[in-house]
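Everything on this sheet refers to the single structure shown next.
The values are calculated or read from the model by the stated rules, or taken from the named source; none is laboratory data. Owing to the predicted nature of the structure, the values given are computational and were not obtained by experimental measurement. Neighbour counts run over all protein chains shown; Cβ positions are idealised from the backbone, glycine included. Note: accessible area is taken over every heavy atom of the protein model, side chains too, but ligands, DNA and RNA are not part of it. Shrake-Rupley method; radii C 1.70, N 1.55, O 1.52, S 1.80 Å.
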Amino acid sequence: MDPVSQLASAGTFRALKEPLAFLRALELLFAIFAFATCGGYSGGLRLSVDCVNKTESNLSIDIAFAYPFRLHQVTFEVPTCEGKERQKLALVGDSSSSAEFFVTVAVFAFLYSLAATVVYIFFQNKYRENNRGPLIDFIVTVVFSFLWLVGSSAWAKGLSDVKVATDPKEVLLLMSACKQSSNKCMAVHSPVMSSLNTSVVFGFLNFILWAGNIWFVFKETGWHSSGQRYLSDPMEKHSSSYNQGGYNQDSYGSSGGYSQQASLGPSSDEFGQQPSGPTSFNNQI
């Protein structure tokens with residue numbers, strides 16, 4: 001039997017059934033989808049300029065762009081419809097900072113999720129030996145949750161700028177030939193942004209996963225156990241003092257009530273004693 005089968009048969013991978021390791025495995029997959037759909041993107045659009053003089057027309061102007069979306073460096077040439085002169089233009093905008101930050105967060109999140117999953121599966125006992133491992137895991141999880149939120153929000157804004165800059169209608173406005181009504185300018189096809197839209201969705205899904213995993217990581221730290229002890233100790237003290245107070249009250253009530261009942265009425269000797277004054281008066285009579 002190979003080592004992988006032995007580990008599986010021994011129940012080594014049972015940690016994946018726990019929420020902590022299961023969410024880490026999902027974070028690993030979602031991080032791959034996030035940086036693959038963004039970092040591996042390449043697209044383009046095609047325009048046509050039909051001049052009055054057909055020999056000056058260009059019906060297939062291809063404009064290609066890709067990650068990291070430094071659109072101001074994407075140049076292309078278009079006819080001016082004024083002889084053989086050509087106009088060199090460039091797209092507008094630069095979304096490289098938000099795109100690269102998003103992909104960087106995704107790559108490091110993938111690496112950490114992979115390492116954490118390996119630790120959960122093969123080194124779970126060492127992970128829980130002391131509070132250092134869960135504490136580091138908790139801090140890193142909180143940091144990555146924040147980075148996913150910031151990176152996904154920034155990339156969503158950057159993607160909207162990319163869509164505007166690569167809109168064929170906006171690009172046609174940059175051409176001097178299209179400002180003349182005698183020339184016909186049109187878009188042959190627009191860029192496909194479905195994979196970039198998917199990358200934004202995966203970015204926010206990663207934020208939800210990492211933020212949700214904060215609670216399960218926090219339960220592994222000493223802070224959670226100490227908090228439970230802090231809450232349980234006052235309850236135990238309150239319960240013991242209540243029982244002690246109830247016992248004293250009962251004993252007090254029984255003894256106090258008995259003594260009070262004994263002293264409440266007169267004694268039989270006092271009650272049966274007759275006054276001496278009237279007796280001597282009868283004797284005199």
query = Which one of PHE30, ALA66, MET175 has its Cα pushed farthest toward the positive end of the charge dipole of the stretch 15-221, where Lys and Arg give +1 and Asp and Glu give -1 at the Cβ?
reply = PHE30
inquiry  = What figure, in Å² to the nearest 10, do you get for the accessible area of ASP62 with a 1.4 Å probe and non-protein molecules left out?
reply    = 90
task = Whole number in Å², please: accessible area per residue of the stretch 15-221, 1.4 Å probe, ligands, DNA and RNA not counted.
result = 50
key: Cβ-based net charge around GLY93, under 12 Å, with every Lys or Arg adding one and every Asp or Glu removing one   = -1
request  = Quick one: order TYR67, TYR127 from most to least accessible surface, probe 1.4 Å.
outcome  = TYR67, TYR127
query = Under a 1.4 angstrom probe, counting protein chains only, how are TRP215, TRP210 ranked by accessible area, largest first?
reply = TRP215, TRP210
Leading residue at positive end of dipole, the stretch 15-221 (Cβ point charges), from GLY93, LEU45, VAL192 = VAL192
remark   = Rounded to the nearest 10 Å², the 1.4 Å probe accessible area of VAL171 is 0
ask   = Using a Förster distance of 41 Å, how high is the FRET efficiency between GLU82 and LEU111, based on the Cβ-Cβ distance and rounded to 0.05?
value = 0.15
task = Could you list which residues have their amide H under 5 Å from that of VAL188, counting only those 5 or more apart in sequence or on another chain, with H placed in the peptide plane?
result = ARG46, LEU47, SER48
query = Give me the Kirkwood hydrodynamic radius of the stretch 15-221 in Å, from all C-alpha pairs, to one decimal place?
reply = 19.5
query = What residues qualify as long-range amide H neighbours of GLN87, i.e. H under 5 Å apart, gap of 5 or more or another chain, H built at 1.01 Å from N?
reply = VAL78, THR80
remark   = Amide H neighbours of GLY93 at under 5 Å, excluding residues fewer than 5 places away on the same chain, with H built from the backbone geometry, are HIS72
inquiry  = Show me, for the stretch 194-206, the HN-Hα J-couplings you get by feeding each phi into the Karplus relation (A = 6.51, B = -1.76, C = 1.60, θ = phi - 60°), rounded to Hz, glycine and proline as x.
reply    = 4, 5, 5, 4, 5, 5, 5, 4, 5, x, 6, 5, 5
message = Explain nothing, just compute: Karplus ³J(HN,Hα) = 6.51 cos²θ - 1.76 cosθ + 1.60, θ = phi - 60°, for every residue of the stretch 81-98 in order, whole Hz, x for Gly and Pro.
response = 6, 10, x, 8, 5, 10, 10, 9, 10, 9, 5, 10, x, 8, 10, 5, 5, 5
